[in-house]
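The values are calculated or read from the model by the stated rules, or taken from the named source; none is laboratory data. On a predicted model such as this, the values are computed, not experimentally measured, just so you know. Don't worry about glycine lacking a Cβ; one is built from the backbone with ideal geometry, like all the others, and counts go over all protein chains shown.
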Number of protein chains: 2
Amino acid sequence: MRETLPDLVVEREQEGKIVFLVLDGLGGLPHEETGLTELEAASTPNLDRLARGSALGLITPVAPGISPGSGPGHLALFGYDPIRYNIGRGVLSALGVDFHLEHGDLAARLNFATLDEDGKVVDRRAGRPPEEENARLVAKLREEVKGAGGVQVFWESEKEHRVVLVMRGAGLSAELEDTDPQQTGVPALPLRASSPEGERTARAVESVLERAHQVLADEPVANGLLARGFATFEPYPSMEDRFGLRAVCIARYPMYRGVSRLLGMDVAEPAETDAGSIDVLASELQDHDFAFVHFKYIDSRGEDGDFDAKVAAIEAVDELIPGVEALEPAVIVATGDHSTPSRMRAHSWHPVPLLLGSRWCRPVDVDGFGERSCMRGELGTFEAKHLMTLALAHAGRLSKYGA
Amino acid sequence: MRETLPDLVVEREQEGKIVFLVLDGLGGLPHEETGLTELEAASTPNLDRLARGSALGLITPVAPGISPGSGPGHLALFGYDPIRYNIGRGVLSALGVDFHLEHGDLAARLNFATLDEDGKVVDRRAGRPPEEENARLVAKLREEVKGAGGVQVFWESEKEHRVVLVMRGAGLSAELEDTDPQQTGVPALPLRASSPEGERTARAVESVLERAHQVLADEPVANGLLARGFATFEPYPSMEDRFGLRAVCIARYPMYRGVSRLLGMDVAEPAETDAGSIDVLASELQDHDFAFVHFKYIDSRGEDGDFDAKVAAIEAVDELIPGVEALEPAVIVATGDHSTPSRMRAHSWHPVPLLLGSRWCRPVDVDGFGERSCMRGELGTFEAKHLMTLALAHAGRLSKYGA
């Protein structure tokens, strides 16, 4: 007995194009006074019109109760089981700064930290240095701590106290434990292998971190580094291999481009504005079967805890919808990678509203696009990893399973 | 690549408490005249009020169409996959009589039976003896059939014709077939091992059953024993290990305490009444993060086939709700371990109404708590094994999955 469907038989001659509009962090919770969520409160005449003719539902990004990060949230949307295809934190950080990882690269997320005279952690984030200070420290590390013994070393700035360390060389293992003790008043943990397989790599990383500590020793604040999330980069089976799709990513933030690259998507030159992303879409859709367009600000305003600003960010995307419809894709999906209720100021586990527009829907009588109208839709609440198959079907790209 | 979620990272410093109110057998079917289920017909002003602000849904205890026993029904509620963590019948019987099983104990459920002169089964239940008669027979077995060869033997009364046999010793195997032929007019089956691993144990059990038959030979009715459901007791990963919860069971019937003990829950001294259980809850919640309160009579009246009495049993629990709310847990769940429609007089497969109250819900416009209002709720119909993760999320006890 098999546990999974066979490889999907894709009818390549079919030309139905698929557009995924991902409103990052779309799902919300009711406002305590009005009882309406951000999406329900937003004036979205275009999404509402689309919803009235579409298949509606709610997607659970990972599993009930699980609040996903952006990595698993997007993998699921693209049809990759987010549990099976778990991206390590280090790799995600490298993708997030647009670092072009190669097969076998080892990546970790580091924090600049403040240590006292005894080496105990005083501040795990070194006072959250500003961008220029982070850049100065990283430049110093780049200059002074280079590779050795056949291993190349790369240092990349992330935001505030965060740095990405990438090591490239033969046979690197990610079987390493974090050195971040996750508390202050204690020293950083020694770099340990989590299995014998990691021993050799542990010594190489230890040497890099020791040299880095020497270089930072004279810094008044950022005189230490804490490491976590060691992960090696293994390319995933591509969307072209799995679904027969020539896919393109249109995203203005590097992490989303990085995740897309991981799945073999082409990555379009980012636009300056969200409206510009639609112009890019118009152009890229000519040579691609699938386009992922990412809209960031809905999530950002949710994380700010600003209900009204999240509403406005949703409304701004709504204005772009006619431009997408004009391109006449076979399937338009509008959804999010997870919920970010402004009341929670964080990613949450709540299922995400989903609209899938195509010729082949069973619309229900709803006023518009919202959490509660989606509850009544034909798709019910289902795991996000099934969305891609559904979209392929609606685009006429899947053949029958079994005779 | 992994197939399951990593260990859930539980934020232990969070103190959101979770209360599960399990109304055993809660789900029902519409009355043939009124069209209302027991829960819909019951006057439940408190549950209705709670429902209007809660997340609603229906839970499938095991899988569509599967009517669960109490064991799998409760395991699923507590986040244990009831298929993976199947409790053997013998173990469940031992737990049901409050027998304290030890690791490796072998347990079986036996029937007192009536055999004719040729050893053929005349009555598989020996006329369903009353309690005192069962106790007399068990006392006789205890007196006469003790352990031998390093194996201890325990006999415990269950209801009517049922007895629990527990054997304790090194290396006992549950690879044994039932001796109950499940029909009359034929002899009991010989005790057979179902694999070579069970051979040695088969001989030990055979010897115990042979001596028991000698002891019962002079009984006019209960002159035989039929065995089924051999199972060994292996402790499960505890709720504390899996979910970081200090959990407590507040149940007035032994089987539910036994299942809870299996999962490492503390077991509170049972109260005399259901109202008393709420007093116990108030006390136990001070030292626990999670409390399971069990209400038995809804199921009992459903099994009696008494619609009105089941309605009354639901109403009696409703009156206790304000006492639970007064304790201000972060999450209140009210549901059942399975449905017991009074029209069926038995456990059924129908999904069970679920109410989950917390600060983080998306309430829908419903009149109250019932099968059909739950169908419209935000949680949809889902497998009961996911309920615990959802409750942990609503209590603020889970961190994000992936970066």
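General observations
- Whichever residue in the stretch A:42-78 is within 13 Å of chain B (Cβ to nearest Cβ) and assigned to a loop (DSSP other than H, G, I, E, B) and, among such residues, is surrounded by the fewest Cβ atoms within 10 Å (Cβ to Cβ): A:63
- Matching option when the condition is surrounded by fewer than 18 Cβ atoms within 10 Å (Cβ to Cβ), touching a residue at least 24 places away in the same chain (Cβ under 8 Å), closer than 15 Å to residue A:38 by Cβ and assigned by TED's automatic domain parsing to the domain that holds residue A:306, among A:372, A:345, A:362, A:376: A:345
- Options B:164, B:153, B:205, B:186: the member that is hydrophobic (A, V, I, L, M, F, W, C) and farther than 12 Å from residue B:108 by Cα: B:186
- Here residue A:342 fulfils each of the conditions (1) over 22 Å from residue A:274 (Cα atoms); (2) touching a Lys or Arg at 6+ places or on another chain (Cβ under 7 Å) apart from (1).
- Test: residue A:117 is over 16 Å from residue A:218 (Cα atoms), among the acidic types (Asp, Glu), at pLDDT below 95 and assigned by TED's automatic domain parsing to the domain that holds residue A:222: no
- Looking across the stretch B:178-201 at every residue that is of a type in the set (Ser, Thr, Tyr) and surrounded by fewer than 20 Cβ atoms within 10 Å (Cβ to Cβ), the one that is nearest to the chain's Cα centre (by Cα) is identified as B:194.
- Verdict on residue B:204 being touching a residue at least 60 places away in the same chain (Cβ under 8 Å), farther than 20 Å from residue B:86 by Cβ, buried (at least 19 other Cβ atoms within 10 Å of the Cβ) and in the same structural domain as residue B:149 (by TED's automatic domain parsing): no
- On inspection, residue A:217 qualifies as over 27 Å from the mean Cα position of the chain (by Cα), exposed (fewer than 12 other Cβ atoms within 10 Å of the Cβ) and within 28 Å of residue A:123 (Cα to Cα).
- Lone unmet requirement of (1) touching a residue at least 40 places away in the same chain (Cβ under 8 Å); (2) assigned to a helix (DSSP H, G or I) for residue A:294: (2)
- Answer from A:318, A:289 - the residue that is in contact with a Ser or Thr (Cβ under 7 Å, 6 or more places away or on another chain), of a type in the set (D, E, K, R), surrounded by 19 or more Cβ atoms within 10 Å (Cβ to Cβ) and not assigned by TED's automatic domain parsing to the domain that holds residue A:186: A:318
- Some residue of the stretch B:353-365 being small (Gly, Ala, Ser), away from every other protein chain (no Cβ under 12 Å) and within 20 Å of the chain's Cα centre (by Cα): no
- Residue within the stretch A:133-147 that is in a helix (DSSP H, G or I), within 14 Å of chain B (Cβ to nearest Cβ) and hydrophobic (A, V, I, L, M, F, W, C) present: no
- Criterion (of a type outside the set (A, V, I, L, M), touching a Pro at 6+ places or on another chain (Cβ under 9 Å) and within 14 Å of another protein chain (Cβ to nearest Cβ)) met by exactly one of B:377, B:370: B:377
- Among the residues of the stretch A:37-48, at least one is charged (D, E, K, R) and either closer than 21 Å to residue A:300 by Cα or outside the structural domain of residue A:255 (by TED's automatic domain parsing) (or both).
- Filtering the stretch A:251-267 for residues that are within 17 Å of the chain's Cα centre (by Cα) and part of a strand (DSSP E or B) leaves a non-empty set.
- Candidate set: the stretch A:316-346, residues that are within 14 Å of chain B (Cβ to nearest Cβ) and not basic (Lys, Arg); chosen: the one farthest from residue A:303 (Cα to Cα): A:337
Yes/no matrix, rows are residues, columns are (1) under 16 Å from the mean Cα position of the chain (by Cα); (2) not small (Gly, Ala, Ser):
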site: B:67; (1), (2): yes, no
site: B:74; (1), (2): yes, yes
site: B:86; (1), (2): yes, yes
site: B:106; (1), (2): no, yes
site: B:121; (1), (2): no, yes
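- Selection from the stretch A:388-399 of residues that are in contact (Cβ under 8 Å) with a residue 40 or more places away in the chain and surrounded by fewer than 19 Cβ atoms within 10 Å (Cβ to Cβ): A:389, A:396, A:399
- Matching entry among A:55, A:42 (being at negative phi and touching a strand residue (DSSP E or B) at 6+ places or on another chain (Cβ under 6 Å)): A:55
- Inside the stretch A:169-198, residues that are farther than 16 Å from residue A:234 by Cβ and part of a loop (DSSP other than H, G, I, E, B) make up a count of 17.
- Comparison of B:91, B:122, B:166, B:153 shows that the only residue that is among the β-branched types (Val, Ile, Thr) and in a helix (DSSP H, G or I) is B:91.
- Test: residue in the stretch A:163-175 that is surrounded by 20 or more Cβ atoms within 10 Å (Cβ to Cβ) and without any contact (Cβ under 8 Å) to a residue 60 or more places away in the chain: no
- Test: residue in the stretch A:95-105 that is touching a helix residue (DSSP H, G or I) at 6+ places or on another chain (Cβ under 9 Å), within 14 Å of chain B (Cβ to nearest Cβ), buried (at least 24 other Cβ atoms within 10 Å of the Cβ) and closer than 30 Å to residue A:200 by Cα: yes
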